[in-house]
1. What accessible area per residue, rounded to a whole number of Å², is obtained for the chain using a probe radius of 1.4 Å?
2. Give the shape of segment 4-72 as rounded, prolate or oblate, defined through the alpha-carbon gyration tensor: a ≥ b ≥ c are the square roots of its eigenvalues, a/c under 1.5 means rounded, and otherwise the shape is prolate if a/b is larger than b/c and oblate if not.
3. Gln50: net charge of surrounding residues, Cβ under 12 Å, Lys/Arg +1, Asp/Glu -1, itself excluded?
4. In terms of solvent-accessible area of protein heavy atoms at a 1.4 angstrom probe, what is the ranking of Thr43, Thr3, highest value first?
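The values are calculated or read from the model by the stated rules, or taken from the named source; none is laboratory data. From a predicted model like this one, the values you see are computed outputs, not experimental measurements. Cβ placement follows ideal geometry from the backbone for every residue including glycine, while neighbour counts extend to all protein chains displayed. Ligands, DNA and RNA are excluded from the accessible area calculation, which covers all protein heavy atoms including side chains. Shrake-Rupley method; radii C 1.70, N 1.55, O 1.52, S 1.80 Å.
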Amino acid sequence: MSTFLELQQNQHSLGLYCLHCNRWGIADLQGLIDTGRGNSAVTGARFRCQDCGSIVQKQLRPPAPSLGDTARYI
Ligand SMILES: [Zn+2]
């Protein structure tokens, strides 16, 4: 996996962490794809914190099976 589109197709999410604010977020993959960045390389992409403007850390997250298990029992 190397692009935002591939991440989404494989049901991964991209966690974003701002060291300055000590806060986690999730990249809006669908929004990136909708605005034509779906084929951009994840490794080269930079995200800025909306609050402080710092370049944030990125963390790839595989699909979380626990969430799926929960949904089956609702
Ligand atoms: Zn911040």
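1. Values: 5330 Å² over 74 residues.
Heavy-atom SASA per residue in the chain reads 72 Å².
2. Numbers: a/c = 2.30, a/b = 1.27, b/c = 1.81.
Since a/c reaches 1.5 but b/c is at least a/b, the shape of segment 4-72 is classed as oblate.
3. Working: positive: Arg23, Arg48; negative: Asp28, Asp51.
Result for the neighbourhood of Gln50: 0.
4. On the way: Thr43 130, Thr3 20 Å².
The ordering from most to least exposed comes out as Thr43, Thr3.
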